[in-house]
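Heads up, the thing below is written out as C-alpha cells.
The values are calculated or read from the model by the stated rules, or taken from the named source; none is laboratory data. Everything numeric here is computed off the predicted structure, so don't read it as measured data. Cβ placement follows ideal geometry from the backbone for every residue including glycine, while neighbour counts extend to all protein chains displayed. Surface areas here come from the heavy atoms of the whole protein model, side chains and all, with no ligands, DNA or RNA. Shrake-Rupley method; radii C 1.70, N 1.55, O 1.52, S 1.80 Å.
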Amino acid sequence: MTDDEPTGTRHTLRGEHLRLAYDRRQVVDDLSIDIPTGGVTMIIGPNGCGKSTLLRALARLLTPVGGTVYLDGRDIGTVPNREVATVLGILPQSPVAPDGITVTDLVSRGRYPHQGWFRKWNAEDDDAVAEALAVTSTGELADRPVDQLSGGQRQRVWIAMALAQRTDLLLLDEPTTYLDLANQVELLDLLTDLNRRSGTTIAVVLHDLNLACRYADHLVAMRAGQIMAEGKPSEIVTPEMIKEVFRLDADVLRDPVSGTPMIVPIGRHHVAAPTATITDEVENTA
Amino acid sequence: MSVDLQTVVADPAAAERAAIRRTRAGTRTRRITIGVVLAAAVALVGAVALSVGESVISLPDVLSTLAGQGSRNTNYVILELRLPRAVTAILVGIGFGLSGTVIQSLLGNPLASPDVIGLSTGASAAAVLGIVVIGLDGIAVSVIALFGALLTAAVMYVLAWRDGVSGYRLILIGIGLAALLLSVVSFFMTRAQVTSASEALVWISGSLSGRNWSQAVPLAVALAVLVPVLAVLSRVLGLLGMGDDTARGLGVPVQQTRLALLIVAVAIAGVATAATGPIAFVALLAGPIGRTLSRDGGAALLPSALVGALIVLIADFAAQHTPGLPLLPVGVLTGAIGAPYLLFLLATMNRAGRGG
C-alpha cells in the first residue's frame, strides 16, 4: 500500500466458522475469513458459490445459522444496527432508487446512521454529501432524478451514498454489473483512490477475474461455499487454481499493464496449437 | 476521514455544495407548492359542500356562520348538518389516503391498499356481525369495526410470517382473507331482518349521510394521535423503499420499523373505516396520485392525505347531487371510479415485471 498511512481508528472484520443458509438451503459451511484491515479484498468464484451470501453475512444482512461475524472483536449481531452502520457501509447487489428521487436526496440518505430520530441536518452532513459527490464526479448530476441517469452514472451515485456514510469499512456486492468496461475501470479506480487516500478497508464481490487480480491486495477464491485459495493475486493465481475453482482450463499470463496475473480461458473452440502463430494457423487450414 | 491539504487551501467541494443547496431548495419549493395547492383545493371544495345543499347558502354567510355569527337557520344547517359531514369526509379521506400510501410503500406494491388486502372487509364483517347479530348501532358499530380491521391485520401478518414478512405474500394472503370475510358478510346478510340488513348494507358501502359530530370527534382525536407517529416514522419509510438490504445497511431495524409502520397504518385505516364504513378504493387511488404529484422519492404523506380528502369530498358532493339517484352512498361512487383503476393495475402489473 501507499506510504502516507492514514490516521484514525482501524476497524476489523472477520467471520469464524460461518454456516450460512437461505431457508433450509445451506450455502456456506464452516467458513472462516479475515478481511485485511486497510486493504482491498476481492472475492471471486463461480455462480452460486456463496460469495454474495458471505458478503451479506459479513455486513450483518444475513444472520448466520452457525458461527459468528466479529466487528472489532464484537459479535456483530449484538452491536446495535445503527452503530454498525457508522463503521461499516454495504452497497447491496440491486438497490432500488425510489421514483423521482434526486441525486442529492439519495446521497444524503447515506447520512441516516449519523442522525438519529430527531437530530437536525448539520454542517458535517453537508460536508460528507458534498465530498461524496465531488469524489464520484456526480456534482453536475446533483439535481437530476436518479431514474433518468445512465447505468454508469447511477452506480456512481450509489457509491456516493455509501461514501456519504463515511465508514471505515466498505463492502460492495458486484458493483460493476451492467457497467461497460470503461465504467468498470473507473469505478475500481475510484475504490482504489478511496482506499489509498482514506485507508478505507474495502471488500468487493467481483465477476471479472482479470480486474479482480489487478485491483486486489487480497484475493479470495470460493467454490461451493468454501474458500479454495486466498492471498496476494500474484501468489495464488495459477492455472491449477483456476481449474479447481472454475472447472476451466486457462493460461495465466502476466498482465502487461499492471504486472498482475491475467487469466486467459481455454475453451473447446478457437484454440491454436501451442506453438503456432496466427499466420501458421491460417496457412494450415488453407 | 483524514484532512488532506486541499481542504486547507480552499473548499474543493464548493461547486457540489452549491448544487446541493440549489437542489434542496428546489425540492422544498415543489413540496410546499403541491401542499398549498392541494390544501386550497380541499378548502374550496369544502366551502362548496357547506354552501350547496337543499338550500344554497352564500359563501359570505358560510364564512360568517363558521366565525360564530350565523343566524339560527344557518347555524343549524351548517354547524349541525353540513360541517360535521364535510369534516368527516376530509378526515376519513386523510385517513384512507395515509394508510393506503403507507401500506403500498411498505409492501412495494400499488395493489396493497387496505381495501384490496382485506382490512376493510374485516371491518365490514365485524360491523355486519355487530348490526345484524348483536343489534349494535351508532358508535358501537364503529368500535367493533375497528377491532375487525385490527384483528384481520394480525391474522394476515401471522399467516404471512416466514422469517420476516414479504410484501407479495402478505397481499396474496390478504386477498384470500378478503374472500373469506366477504362470504362471512354475505352469510350474515342473508340471515338478517330486512331493516337491519339495509342498515348494514349502507354501512358496508361506505356512507357519509347522517354523519354528525359523534363520528367526527373520535376520528379527529384518533388521527391527532396517530398521524404525528406516522410523520416521525416517515423518514424510515423512504429508506425502506430502497430495499431491505440497503435500509438495514444504513442502520434501519427493518422488521421492527416495518411492523410499527404497518400497525399505525392499519390503525388509521381502522378508525377511518369505523367512522363511515369502507369508502371503496379511496386508499387505493390516493397514494399513487399523491406519489405521482410529488415524485421526489419521499413518503408523499401530505399529498396523499390531501388527495384522499379531495376524493372523498368530491365523491360525496357528487353522490348527494346526482340527479335521479338520491341517497347514493359515497362508496358506490368511489367504487365506480376505483374499480377500473384496479383492473388497470392488475392488467399492467405483470407485464411491467413489477409483480414481485
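Listing for the model above:
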| quantity | calculated |
| --- | --- |
| Any hit, the stretch A:64-82, residues being within 12 Å of another protein chain (Cβ to nearest Cβ), hydroxyl-bearing (S, T, Y) and either open to solvent by 40 Å² or more (accessible area, probe 1.4 Å) or free of Cβ contacts under 8 Å to residues at least 40 places away in the same chain (or both) | no |
| Verdict on A:V103 being surrounded by 22 or more Cβ atoms within 10 Å (Cβ to Cβ), more than 17 Å from the chain's Cα centre (by Cα) and touching a residue at least 60 places away in the same chain (Cβ under 8 Å) | no |
| Test: residue in the stretch B:62-84 that is away from chain A (no Cβ under 14 Å), open to solvent by 20 Å² or more (accessible area, probe 1.4 Å), at positive phi and not in a helix (DSSP H, G or I) | yes |
| Qualifying helices (runs of 4 or more DSSP H) (wholly inside the stretch A:121-234; at least 1 residues being closer than 20 Å to B:L250 by Cβ and touching a residue at least 12 places away in the same chain (Cβ under 8 Å)) | A:123-135, A:151-164, A:181-198 |
| Within the stretch A:88-138, tally of residues that are on the phi > 0 side of the Ramachandran plot and facing chain B (nearest Cβ under 7 Å) | 1 |
| Top-ranked residue in the stretch B:2-20 [being more than 14 Å from A:A128 (Cβ to Cβ), open to solvent by less than 70 Å² (accessible area, probe 1.4 Å) and among the aliphatic types (A, V, I, L, M); ranked as modelled with the lowest pLDDT] | B:A10 |
| Any hit, the stretch A:83-92, residues being part of a loop (DSSP other than H, G, I, E, B) and either surrounded by 18 or more Cβ atoms within 10 Å (Cβ to Cβ) or among the hydrophobic types (A, V, I, L, M, F, W, C) (or both) | yes |
| Within the stretch B:211-327, helices (runs of 4 or more DSSP H) holding 1 or more residues that are within 10 Å of chain A (Cβ to nearest Cβ) | B:213-240, B:244-249, B:254-276, B:282-294 |
| Number of the condition not met by B:P340 [criteria: (1) open to solvent by 10 Å² or more (accessible area, probe 1.4 Å); (2) touching a helix residue (DSSP H, G or I) at 6+ places or on another chain (Cβ under 9 Å)] | (2) |
| Residue among B:L50, B:L44, B:L59, B:L66 that is farther than 30 Å from A:T104 by Cα, within 25 Å of the chain's Cα centre (by Cα) and modelled with pLDDT under 95 | B:L50 |
| Any hit, the stretch B:8-22, residues being within 14 Å of chain A (Cβ to nearest Cβ), outside any helix (DSSP H, G or I) and in contact with a Phe, Trp or Tyr (Cβ under 9 Å, 6 or more places away or on another chain) | no |
